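Engineer: A single structure is presented below for examination.
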Amino acid sequence: MSLIDLENVSKIYQVGDQEIRALDQIHLRIEAGEFVAIIGPSGSGKSTVMHLMGCLDTPSTGRMVICGNELSRATPDQLARVRNQEIGFVFQAFNLLPKLDVVSNIELPLIYSGVPAAQRRERARKVACEVGLGDRLSNRPPQLSGGQCQRVAIARALVNNPQIIFADEPTGNLDSATGLAILGMFDELNASGKTIVLVTHDPSIAARSRRVIEIRDGHIVREYQP
Amino acid sequence: MSLLVVFQIGIREIAAHKFRSVLSMLGIVLGVSSLIATMALTRGMEEGTRTFMQQLGGLELVTIAEKNPSSLKMDFANLSPGLTLRDAEVIRESASLISHVSPEILISSLVSSFGQSGTRERRTVRGIYPDHFVIRMHQIGAGRFLSDLDVQRGARCVVLGNTVAKQLWPDVSIGSIIGKKVLIGTSPFEVVGVLDFYQSEEQARMRRSGKTSMRWKWDPFRVKNEAVLIPFTTLFHEFRSGAGSNEKTDSSKRNDSTELKKSNETKESNKRNDSIDSINLDTLIVRVRDLEYFRPALDQLRKLLDITHRGVDDFDFETREDWFDRVESSVRAARLSGGLISAISLVVGGIGIMNIMLASISERVREIGIRMAVGARPKDIFLQIIIEGMFISLIGAFLGIGASLGLIEILKLISPTENVPVLSWEGVLFSVVFALLAGLLSGIYPGLKAARLDPISALRYE
Ligand SMILES: Nc1ncnc2c1ncn2[C@@H]1O[C@H](COP(=O)(O)OP(=O)(O)OP(=O)(O)O)[C@@H](O)[C@H]1O
Ligand SMILES: [Mg+2]
């Protein structure tokens, strides 16, 4: 069975009496271990499909199975559990808690899976060292550079050892050199067996993946291997 | 997600907004402190009255006194012998709900110390039975109370109230007064006991601080402190004519005993030909065995006295129940109004907390989105907000307890009566529970609001 299976999925937003079809009857399967890039122009529906796959949202119609969980009509609690256990998220805007230090930010998912405090900090420290932040453990995000912040975000996405990492324009706020370093980390993660889904509008970044899915106006218009 | 973590997050959040949090606590602080202070005050009122009444003889004391019979029975009034020693005997033997009985007769006589300097004053001398000490709740300061033997023998011994003893022998310790002689009228009596000095809390406080109150005040303990108590029989045989007070002499129902006039105040009146029916009493005090059976005890008394008085209702009961009822109801009123004020401030405090929590979540929408994105369930977010609200109210409650302790100290200084506020732990517990409840209720709406946030829009929120 596929890790991610979208069948005939639509996402429709109702704004006033206007109906916005952000996604229109999409079929998409992603297998374990794949490195997929989703590209398309702004407003095409890339983030929307990411949010669905990332269990931050549910489809308006269609069937969605993530890591073996049928989630088309899932309750918020079910979605939260899948987000916590199976999925790691990396955002363009980092989305770190500015008041918490690096370790506390990284251990956040473990809090919600009920890991005891000592173990939590231990695992958070270990992952922080893996992403190269071993010397900034007690810094808070405002004291870090953009690249370092994104490393914290990646560490947070990894700390609960999920199967899939979703990254929505992870290099969008970074200069190209730093961006390349971050992309290198995704390569490594994919090599170590994680499934990576990366959203970008930059074809050169998409070219680093194994499979590119192009979206336009809520439809998958093209799919190719770079 | 463990509660410990929730608490940690809550503490961090409150610590990050100290001033705001303290402001939002103010209502709770006020509510809790006024609630505790009110309960301490009313408790003080209650306890003050209770000890006061205990010292005066408690609720159990019933005084039986003569009164004019109702007009209906006026015609038979002569049939009744009046209040006599017989009544006391009958009550002692037959009234199962009465534990102690003391028949009493009074005279007014000059009392002086034998051959010493002290005062020579006219005082009320009571002829009593030993039960008197129990009924009036006397404490012996030195020596002993009067005994049954003293009454049987008609012994010439006396127990003095503390003030009397001090006035008779101003420079002598109470202990060394025992054994000294007192002149009551012209008869010498041996002092066998001196009673404790009775005073209210307030009087004690004033005495300790060296202040003396200039204004005159009704002193309920004066009667006890100025008591001169001798055996009933002694008084009867020594001073009988003085006992059946003079205005009663012309009352027709009095026959043989009234013949004993002041002139007969001699030893030969000692002959025991007086039947107990003919020994008239001034008062009869009794102690009800059990307050639970107060009313039945009164009924029992009334039935017995109806027989001995041949159906003439020329007696009356004085109880302290009415008085106590009045005190109780004023305490209730005070408690209610204080409680109402506290409840209002707690509600206002709760609204204050709700306001702060709402402000707090709208500031933290993004944080909530992030927590949801990494796996926080709606109920985790809800719990977080609820715990924070309760935490603020708990801190407020503790500050309120601190404030109430200070408030009670101030109230102690200025409280005009002996009703010193008494801090009650039930009050503290009650107000903390109340404050927590206010925190809980005020957290529910903001908590629901936060928990219902949609992760995506929360993440996008600027
Ligand atoms: N909550 C919403 N309500 C209404 N319309 C929405 C909502 N979210 C997204 N849309 C619409 O859905 C469409 C797809 O949006 P989406 O965010 O997926 O685009 P995107 O491909 O991620 O664009 P970008 O590259 O700019 O991030 C857009 O037309 C957007 O206006
Ligand atoms: Mg987008």
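Engineer: When only residues in the range A:37-67 that are of a type in the set (A, V, I, L, M, F, W, C) and free of Cβ contacts under 8 Å to residues at least 40 places away in the same chain count, which is farthest from ligand 2 (Cβ to nearest atom)?
Structural biologist: My answer is A:55.
Engineer: List pairs: first in the range A:14-25 and touching a residue at least 12 places away in the same chain (Cβ under 8 Å), second more than 8 Å from ligand 1 (Cβ to nearest atom) and among the charged types (D, E, K, R), Cβ under 9 Å, 6+ apart or cross-chain?
Structural biologist: Final answer for the pair search is A:21/A:217; A:24/A:217.
Engineer: For the range B:422-440, indicate whether the set of residues that are touching a residue at least 12 places away in the same chain (Cβ under 8 Å), surrounded by fewer than 19 Cβ atoms within 10 Å (Cβ to Cβ), more than 30 Å from residue A:52 (Cα to Cα) and charged (D, E, K, R) is non-empty.
Structural biologist: yes
For (1) over 24 Å from residue B:58 (Cβ atoms); (2) β-branched (Val, Ile, Thr); (3) modelled with pLDDT under 90; (4) over 25 Å from the mean Cα position of the chain (by Cα), each residue gets a yes or a no:
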residue: B:128; (1), (2), (3), (4): no, yes, no, yes
residue: B:134; (1), (2), (3), (4): no, yes, yes, no
residue: B:149; (1), (2), (3), (4): yes, no, no, yes
residue: B:156; (1), (2), (3), (4): yes, no, no, yes
residue: B:159; (1), (2), (3), (4): no, yes, no, yes
residue: B:165; (1), (2), (3), (4): yes, no, yes, yes
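Engineer: Are any residues in the range A:55-91 farther than 20 Å from residue B:453 by Cα and either within 13 Å of ligand 1 (Cβ to nearest atom) or among the charged types (D, E, K, R) (or both), and if so, which ones?
Structural biologist: A:63, A:70, A:86 - these are the residues of the range A:55-91 that are farther than 20 Å from residue B:453 by Cα and either within 13 Å of ligand 1 (Cβ to nearest atom) or among the charged types (D, E, K, R) (or both).
Engineer: Failed condition for residue A:109, given (1) away from every other protein chain (no Cβ under 14 Å); (2) in a helix (DSSP H, G or I); (3) crowded, with 19+ Cβ neighbours inside 10 Å, with all others met?
Structural biologist: (1)
Engineer: Is at least one residue of the range B:376-397 surrounded by fewer than 18 Cβ atoms within 10 Å (Cβ to Cβ), part of a helix (DSSP H, G or I) and of a type in the set (Asp, Glu)?
Structural biologist: no
Engineer: Residue by residue through the range A:168-196, note down the ones that are touching a helix residue (DSSP H, G or I) at 6+ places or on another chain (Cβ under 7 Å) and either surrounded by fewer than 16 Cβ atoms within 10 Å (Cβ to Cβ) or under 19 Å from residue A:133 (Cβ atoms) (or both).
Structural biologist: Matches in the range A:168-196: A:170, A:171, A:173, A:174, A:178, A:181, A:182, A:183, A:185.
Engineer: In this structure, does residue B:374 turn out to be free of Cβ contacts under 8 Å to residues at least 24 places away in the same chain and within 14 Å of chain A (Cβ to nearest Cβ)? Explain how you work it out, then say what you get.
Structural biologist: On the way: free of Cβ contacts under 8 Å to residues at least 24 places away in the same chain: yes; within 14 Å of chain A (Cβ to nearest Cβ): yes.
The answer is yes for residue B:374.
Engineer: Out of the range A:82-104, which residues are assigned to a helix (DSSP H, G or I) and facing chain B (nearest Cβ under 9 Å)?
Structural biologist: From the range A:82-104, those assigned to a helix (DSSP H, G or I) are A:82-86, A:102-104; that's our starting set.
Of everything in the range A:82-104, those that are assigned to a helix (DSSP H, G or I) and facing chain B (nearest Cβ under 9 Å) turn out to be A:82, A:83, A:84, A:85.
The values are calculated or read from the model by the stated rules, or taken from the named source; none is laboratory data. Every value quoted in this text rests on a predicted model; they were computed, and no experiment measured them. Ideal geometry is used to build each Cβ from the backbone, glycine not excepted, and the neighbour counts take in all protein chains shown.
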